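Report on one structure; see the data block that follows.
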Amino acid sequence: MRSQSSEASGRSYRAIADEIARKIEVGDIPSGSYLPTERELQVEFEVSRTTIRRALAQLIDRGLGESVPNKGVSVKGLPVVSTGTQIIAFIDGTTTVLRSLYARLSSAFIREGYYLLHIDSQSMGLASALKFAKNQGCRGAFVWSFEGFPPVEMLEEVQSVMPVVLLDHKIRGFDSDIVKLDSFQMGYDATHYLVASGRKRIAITGMLDMLDTSFDRFSGYMRALFDCDLVPRVRDYVFNQTSGYQAFDCLALENRLAMQDRPDALFVMQDDCLPPVVQSVLDAGLRIPEDIALVTIGDDTRVSVGNMGISAIRCDWSGLADLAIVLMLRRLRGVSEPPQTYTAGHRLVEYGPQVELLDSKGNMRANPLPSQSIFTFSSVRR
């Protein structure tokens, strides 16, 4: 497997889908028209046909397009919702995790007489999504922000007329209810897991961006190292993605793995960054876990090396959804109280014999494992 950075333009299918979606939003591509052909889009964006097809598939998943046999992809545009109905906005991007949250929240609110309206903030921007929710007369809004510095004034304007519950990501300068995971503790637990298995040089990789969750995970990693009397080294910070440039760039990681004092473990901060990390390890001629152990946060991108999985911190998304339901219903029923913070749980799951384990007498024992040369991964929907 090769990273998307091998594309001529370095653009991911998500970025391409976002650009097309913005054109649909502002009317540059009118509803009812057809998008350019795959070949035309391939030339325009300087990427492979596979990337274009993935971008078109995401537009269809977002509800902005429809595949018409022998004609192409027809533009559907933004949904129109009648006012006066009991609607709660669900403002987020379109990912595996968020689709499962939407399904759980939707079924719960239908029983309460409300309906969820999904508004994709990655395609239209958070400000436009909030304005759209307000104009549709929504009674409340769940917001999962992918923006580092979204417009606080717009959030405050929306919150003045309906309750807003943030999902997992805080927003700087905006005081609101939030249901989140303990990202600091997850980073700490993942790192401590590797230390407890006997690893002494633990590098960190994955996406580093402006979101508070990323910084909390990094801080948890640092605290675990300090608590275990291990010294973090700058050369062990080998991140492979940013929110501004979504294609994977594993050059720093590859160079680090080629050094004589290479790390013996990697903490991957997000599970969707795991596939290129595993590929880089294998390309370096290293074995997992004998030469280098891995652990990640999240198990929605399930990775296997040979017949073994990569251990992960499993996030309790169902618990997070249930807490979000409680918070929103309290606000809809008129409960007046300061902004609340609810925290969902997590736990470590070992999907394979990743590291050295204790035997029945408390002694460390090694699991003999064959060399690996291939791996597989898939998105898991719950």
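The values are calculated or read from the model by the stated rules, or taken from the named source; none is laboratory data. Please read these numbers as outputs of a predicted model, since none were measured by experiment. Please note: Cβ atoms are built from the backbone with ideal geometry, for glycine as well, and neighbour counts cover all protein chains shown. Heads up: the accessible areas ignore ligands, DNA and RNA and are worked out on the full protein's heavy atoms, side chains in. Shrake-Rupley method; radii C 1.70, N 1.55, O 1.52, S 1.80 Å.
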Practice prompt. Go through (1) surrounded by fewer than 20 Cβ atoms within 10 Å (Cβ to Cβ); (2) touching a Leu at 6+ places or on another chain (Cβ under 7 Å); (3) more than 27 Å from residue 329 (Cβ to Cβ); (4) at pLDDT below 85 and name the single condition residue 72 misses.
Written response: (4)
Fill in: Residues that are hydroxyl-bearing (Ser, Thr, Tyr) and assigned to a loop (DSSP other than H, G, I, E, B), drawn from region 234-277
242, 243, 245
Fill in: Residue check for residue 287: open to solvent by 10 Å² or more (accessible area, probe 1.4 Å), modelled with pLDDT under 95 and outside any loop (DSSP other than H, G, I, E, B)
no
Worksheet item: Restricting region 163-175 to residues that are of a type outside the set (Phe, Trp, Tyr) and surrounded by 18 or more Cβ atoms within 10 Å (Cβ to Cβ), which is farthest from residue 102 (Cα to Cα)?
Response: 171
Practice prompt. Could you identify the single residue in 221, 188 that is more than 22 Å from residue 147 (Cα to Cα), open to solvent by less than 40 Å² (accessible area, probe 1.4 Å) and in contact (Cβ under 8 Å) with a residue 12 or more places away in the chain?
Written response: 221
Discussion item. What's the number of the only condition in (1) open to solvent by 10 Å² or more (accessible area, probe 1.4 Å); (2) assigned to a loop (DSSP other than H, G, I, E, B) that residue 153 fails to meet?
Written reply: (2)
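Residue by residue, here is whether (1) open to solvent by 40 Å² or more (accessible area, probe 1.4 Å); (2) part of a loop (DSSP other than H, G, I, E, B); (3) of a type in the set (Val, Ile, Thr); (4) modelled with pLDDT under 80 holds:
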residue	(1), (2), (3), (4)
83	yes, yes, yes, yes
88	no, no, yes, no
94	no, yes, yes, yes
101	no, no, no, no
107	yes, no, no, no
Worksheet item: Which condition breaks for residue 246 when tested against (1) touching a Ser or Thr at 6+ places or on another chain (Cβ under 9 Å); (2) at pLDDT 90 or above?
Response: (2)
